[in-house]
Structures are given as C-alpha cells and as structure tokens.
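The values are calculated or read from the model by the stated rules, or taken from the named source; none is laboratory data. Note that the structure is a prediction, hence the values are computed from the model and not measured. Just the protein is used for accessible areas: all its heavy atoms, side chains included, with ligands, DNA and RNA removed. Shrake-Rupley method; radii C 1.70, N 1.55, O 1.52, S 1.80 Å.
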Amino acid sequence: MSGRVYRLHSTLELPLEEVMDYFENDPDLPPEVEDVDITRRNNTLIIKAVSADDNLSKYTPTAQLKASVTENRVYEEEPPRAGAPAWGEEEEEIPSELVEFACFKGDLETVLQNTALQYPMFLVLREIALLSEKGTLTAITEDDGDLQATRIVEGEKRAASVEVVENPQQNSSGDSGVNWRDNKFIS
C-alpha cells in the first residue's frame, strides 16, 4: 500500500476508555501495521505503530498518534446556568462524574508524528474519528496517485473535496516583511 498524508487537522475528543476499548477489541489494522503499542506518559497518550515489515529497521521511528489526556466533569443532565437566582430554595446537586478524555488536537506534526507507516496510522486515526462524538478531522491524503479529501465531523463522514487554486500571495514581491539586515533599530 502506498500513501501519504499532506495535510491534517484534528479537534477530536473522546473518552479515553473508548479509545482503549477500541484497541482491546482487536480492530482491523492496515496490513502494514502488525500491532500498536499504547503508552501513557503523564497526560499524554501515545499510540505507536508496530511494523509488519521485518525489513524496517528497529531504529526507524514508526508513525504514532499523540493525544493529550484531560479530565472533564460529565453531568447526567444539564447543569444550572451560573448566575441564575436560587429563590431561597436548596440547590440539588446534579449527578456527575470525572471522565478522562483523549484529545487528538492539532496539525499533522502534532497528532500524527514520524513518516514510516504514516498513511496506515492515518487510517487508524480515521477509524477513531468515526467513534468520536465531539470534534472534527480534516485531511488531504494521497493513495495510489489519487488525492483524497477526508472530513469527519462528530463521528460522521461529510462531503469533502480537494480544490487547487492560484494563491495570490505567491506572486507578491516579498516587500511586506521586515528587512532585518538594514533595520536601523537593531545595532
């Protein structure tokens, strides 16, 4: 399988327990990925590809998905708005619990790191995005010579396309920046 990831932006958030359950239930991984190593360091979750190819050096860093882990309070029902009058009645506590969330947020180098097996690990991230109820995943990838656009919003695939446009900023003369060499304020 060939493939490359050119652009990627993610704002995905899903309960850490769901991510762990996904990998514990032996998901269908791309053929290049034999397994994944999951490591948690403080508030960072790292999901690293284990190559199925024995020719890949053990010193070659394989692609990994990186997520920050945060703790959020989840209410069983909507909490009352702050500043609402209580009218002298005793406030009833709304049942809630603290839930750890895996947050795959950022661009290509932040969420999907290293280039060996990068496209297969993007396919894994795409499957995780389909589980997420919050956030989006957008990407431009290449598979067998064809550019593909991916857009997943709150766990649902949405229409996406790749559009090539002329960028007017490329035609500027470059005089809009600061000339650091001849700046009178720097001595």
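Taking 51, 132 and ordering them by how much accessible surface each has at a 1.4 Å probe, largest first, produces 51, 132.
Residue-normalised convex hull volume from the C-alpha trace of segment 114-169: 127 Å³ per residue. Heavy-atom accessible area for residue 28, with the other protein chains in place and a 1.4 Å probe, reaches approximately 150 Å².
Estimated at the nearest 10 Å², the accessible area of residue 71 is 120 Å² with a 1.4 Å probe. Accessible surface for residue 77 stands near 110 Å², nearest 10, in the context of the full protein assembly shown (1.4 Å probe).
Ordered from highest to lowest accessible area with the whole protein assembly present and a 1.4 Å probe, 122, 23 read as 23, 122.
When the residues 94, 152 are ordered by accessible surface, computed with a 1.4 Å probe over the protein chains alone, the sequence from largest down reads 94, 152.
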